[in-house]
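What follows is a set of notes on a single structure, which appears directly below.
All of the numbers you see were taken from the coordinates with simple rules; none came from a lab. As the structure is a prediction and not an experimental result, all values here were calculated from the model. No Cβ is skipped: glycine too gets one built from the backbone with ideal geometry, and neighbour counts run over all protein chains shown.
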Amino acid sequence: MATTLVIGNGGREQALAWKLSLSPSVEKVYVAPGNGGSKGKIENVDIGFEDVINLVKFAKENNIDLTVIGQESASEAGVVDAFNEEGLTIFGPDKAAIKIESSKAFSKDLMKSENIPTAEYRNFTDSQEAKKYALSRGFPIVIKADGLAGGKGVIIANNEEEIDKALDQIMIKKIFGLSGDKVVIEDFLRGKEASMHALSDGTNTVLFPPSQDHKQIFDNDQGPNTGGMGAYAPVNWMDEDQLNYVKEHIVEPALKGLKDRDREFIGCLYPGLMVKQDEIKVVEFNGRFGDPETEVYMRLLDGDLYEILLACAKGNLDSSMINWKSGYAVTVVLASPGYPGKYDKGLPISGVSDAEKLEDIVIFHAGTEIKDGQLLTAGGRVLNVTSTGETMDEALAKVYKAVDLIKFDGMQYRTDIGKRPQ
Ligand code: AMP
Ligand code: GLY
């Protein structure tokens, strides 16, 4: 029987841990550092996701058969490189390959040279030059910090003042630290957003069905962007031709481009797309599973996640391992008051165990902790309530019935997940 380790502390990692725990080959799933949702076969380990030395030590001492990267900063910190050096089996891109996410300037240059469709852009290290170019392109214009910024490094400017403010914050005040040494200025894209996920073992690639995140905090896509307030899959407004296009013109050239640059990618490549009837463009590449997309994928996956990720890590991924249940899955994120700005922590949460008893409901914790037996809020995104259904309407009715049972002071959630005009 296998022992596994998942690195990260969000709802995504709980969803991966949950699916791993359902594998008949898995007896134990550790999550480092995890959250208040770990129970049964799933156990937290108090090691941070960038603590390379202690993660390696833990994996060795506990004979971990497979480690899975959830949080991208673990790849950036060199966890995969260190595990590879020690001969430990790990799923996720190494430091060289994660550059497709960790540098937006690198990612855009890669897209350009591989002819991957994306918005027109230029990279800048000088804020005056950046401003001049931004003004020359018209509004709205998109300004992106080059490096990892926890999903917050993208600013859409609608006038000169907003350009000045964005460049000042990113490049002068460095609110995202060194991530702001360089910026990408790119044209604003219109269309519907979709998330694609593709597993790659370095040679073989398998695409998941498309999903859709809901980024803004409020209903009808109002208010500031968040890490994601809910998701559903599959997206039924993308057809077979469009999915083939994504595979042939986006995923495969990106993987080949990385390989050609000695940055072979093993893990989950997640392009965020802007889709129009006759045109699909890449908004960005991520080198990891999406959150909250993973919470719905894990509800729909008909396969043994342990066998799949192990095969991926060992270079023998086979598409026959990955099948999908019929119907739909949806997740609604319950967030703290104030999120995505400053938020309180330590608020008592009630109703989770009652909600979990409802048919087809699984709840993945994100920002929670247990203190003296009481479940408390401990982060911006607190819980992911997930459901499945043969139809989208059925999945939605079930999920919101469960949401109604859960309470904490100032709880925020969107009531329109999966209801966007399609
Ligand atoms: P990213 O972190 O690059 O995914 O950007 C976060 C969000 O900003 C995306 O999900 C989009 O909603 C929006 N965004 C980023 N780039 C563009 C663009 N070029 N045009 C329109 N919206 C964008
Ligand atoms: N779903 C947004 C993200 O994972 O970046």
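What would the Debye formula give as log10 I(q)/I(0) at q = 0.15, 0.18, 0.21 Å⁻¹ for the alpha-carbon point model of the range 1-151, no solvent? For the range 1-151 at q = 0.15, 0.18, 0.21 Å⁻¹, log10 I(q)/I(0) is -0.80, -0.98, -1.20. Size descriptor for the range 352-401, Kirkwood hydrodynamic radius: 11.8 Å (Cα pairs only, one decimal).
The modelled label-to-label distance between SER353 and ASN236, using points 7 Å beyond Cα along the C-beta direction, is 3.8 nm. For the range 133-185, taking Cα atoms only, Rg and Dmax work out to 10.2, 29 Å respectively. Taking R0 as 35 Å, what's the FRET efficiency between ASN84 and LYS325 from their Cβ-Cβ distance, rounded to 0.05? My answer for the efficiency is 0.55.
A Förster radius of 35 Å, combined with the Cβ-Cβ distance separating LYS342 from SER113, puts the computed FRET efficiency at roughly 0.30. Note on the range 232-304: Kirkwood radius taken over Cα pairs, Stokes-Einstein applied at 20 °C and 1.002 mPa s, translational D equal to 156 µm² s⁻¹. Over the C-alpha trace of the range 174-234, radius of gyration and Dmax come out as 15.8, 41 angstrom.
Cross-link pairs exceeding 20 Å in C-alpha to C-alpha distance, out of LYS152/LYS371; LYS215/LYS407; LYS215/LYS342; LYS131/LYS165; LYS131/LYS182; LYS144/LYS215, comprise LYS152/LYS371; LYS215/LYS407.
If the Kirkwood radius is taken over C-alpha pairs of the chain, then at 10 °C and 1.306 mPa s the Stokes-Einstein diffusion coefficient equals 73 µm²/s.
Across all C-alpha atoms in the range 255-402, the radius of gyration and Dmax reach 18.6, 56 Å. Here each label is just a point 7 Å from Cα along the line to Cβ, and for GLU248 and GLU129 those points are 3.8 nm apart.
Under a model in which nothing but the beta-carbon of Lys, Arg (+1) and Asp, Glu (-1) is charged, the chain shows a dipole of about 640 debye around its Cα centre. Computed from label points 7 Å out along Cα-Cβ, the spacing between ASP221 and THR3 is 4.7 nm. A compact globular protein would have a Cα radius of gyration near 2.2 N^0.38 Å; the ratio found for the range 123-263 is 1.21. Entry for the range 304-369 at q = 0.15, 0.21, 0.23, 0.27 Å⁻¹: log10 I(q)/I(0) = -0.79, -0.96, -1.02, -1.21, Debye formula applied to identical alpha-carbon scatterers, no solvent contribution. Farthest toward the dipole's positive end in the range 30-109, which of PRO93, VAL80, GLY40, given Cβ charges of +1 (Lys, Arg) and -1 (Asp, Glu) about the Cα centre? Positive-most Cα among the choices belongs to GLY40.
A protection proxy built from the mean count of other Cβ atoms within 10 Å ranks the segments 145-153, 226-234, most packed first, as 226-234, 145-153.
Apply the Debye scattering formula to the range 61-100, with a single equal point scatterer on each alpha-carbon and no solvent, then give log10 I(q)/I(0) at q = 0.25, 0.27, 0.35 Å⁻¹. At q = 0.25, 0.27, 0.35 Å⁻¹ the computed log10 ratios are -0.78, -0.89, -1.26. Rounded to the nearest 0.05, the FRET efficiency derived from the C-beta distance between LYS259 and ASN62 at R0 = 30 Å is 0.40.
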